[in-house]
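Notes follow once the structure below has been shown.
The values are calculated or read from the model by the stated rules, or taken from the named source; none is laboratory data. Computed from a prediction, not measured in an experiment: that's the story for all the values here. Cβ: placed from backbone, ideal geometry, glycine included. Neighbour counts: every protein chain shown. Ligands, DNA and RNA are stripped out before the accessible areas are found, and what is left, the full protein with its side chains, is counted by its heavy atoms. Shrake-Rupley method; radii C 1.70, N 1.55, O 1.52, S 1.80 Å.
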Amino acid sequence: MTKVHPKFPNTCEESLCDSKAAVVLTVWKKSLLFNCDGFTVYNANGELVFRVDNYMNCPRDNIVLMDASGFPLLSIRRKKLSLGDCWMVYDGETERDPILTARKNVNIITNRRSLAWISAKKTVLYEIEGSYGQRSCKILDERRNKKKTAEIKRKETVIGGVAFGKDVFKLIVESEMEPRVAMALTIILDQMFRSS
C-alpha cells in the first residue's frame with residue numbers, strides 16, 4: 001500500500017524549487033481523531049507539522065490550525081453577516097485584530113481564474129488563482145508583481161505515478177510565505193469550495 005507521506009527525499013520539480021528554502025508539505029484531508037473532520041499535514045520527512053480537528057457535529061465557522069503537539073497557531077472564522085463568503089484569520093485563539101481577511105471572488109464574468117483575495121487592513125496581499133476542486137491553485141503575492149508564493153498540486157507517488165485523489169495533495173510554500181499562513185489559506189479554500 002502506498003503511504004500518504006513516503007520518506008523519500010524532497011523531489012519537487014525544478015520550476016517550483018528555484019529557492020532551496022521552498023517547503024513541500026503533504027496535506028491529507030483527514031483528522032487524526034476518530035469522528036472528526038480536519039486535516040493532517042506532514043513535511044517531506046513524514047513528520048507531522050500541522051493538524052486541524054473539527055468534530056463532525058460542530059459548526060465549521062470556527063477552525064483552529066494547530067502544530068503537531070496541539071498548540072493553536074491560527075484561528076479561522078467565518079465573518080457573520082457579510083456579503084459573499086468572507087473569512088478572518090487570527091493569531092492563536094484570539095478574536096481581536098485579524099491578521100488576514102479572505103474574500104471569495106464572486107465576479108466570475110471579469111476574472112474567471114481568481115478564487116479569492118487575501119487582505120490585511122484593507123490592503124490586498126494575495127490573490128489565489130486556479131481550481132481548488134482539481135487541487136491546482138497558485139497563491140500570488142500582489143506586492144511582488146504576482147510572484148507565486150505557494151501552490152497546491154495533486155500528489156502522485158514517486159514510484160508508479162499513482163494519484164492519491166483529492167484528499168491527499170501537495171502544498172509547496174516558497175520562502176516568502178509562512179507555511180502556517182499557506183495552510184490557513186488552504187483551509188479557507190476548502191471551506192469556500194467544499195463541494196468541489
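Residues in segment 33-83 that are aromatic (Phe, Trp, Tyr), touching a strand residue (DSSP E or B) at 6+ places or on another chain (Cβ under 8 Å) and either at pLDDT 75 or above or in a loop (DSSP other than H, G, I, E, B) (or both): 3 in all.
Any idea how many residues of segment 95-131 are open to solvent by 60 Å² or more (accessible area, probe 1.4 Å) and either modelled with pLDDT of 85 or more or under 23 Å from residue 50 (Cα atoms) (or both)? Selection size over segment 95-131: 11.
How many residues are on the phi > 0 side of the Ramachandran plot and either modelled with pLDDT under 75 or among the aliphatic types (A, V, I, L, M) (or both) when one looks only at segment 150-196?
Here is the first cut: in segment 150-196, the ones on the phi > 0 side of the Ramachandran plot are 160-161, 165.
Those still in the list that are either modelled with pLDDT under 75 or among the aliphatic types (A, V, I, L, M) (or both) too: 160-161.
Going through segment 150-196 one residue at a time, the tally reaches 2.
For residue 29, are the conditions met, namely being touching a Cys at 6+ places or on another chain (Cβ under 6 Å) and modelled with pLDDT under 95?
Working: touching a Cys at 6+ places or on another chain (Cβ under 6 Å): no; modelled with pLDDT under 95: yes.
So residue 29 fails the test.
For segment 135-148, does any single residue satisfy the condition of being open to solvent by less than 20 Å² (accessible area, probe 1.4 Å) and within 14 Å of residue 87 (Cα to Cα)? No, every residue in segment 135-148 fails to be open to solvent by less than 20 Å² (accessible area, probe 1.4 Å) and within 14 Å of residue 87 (Cα to Cα).
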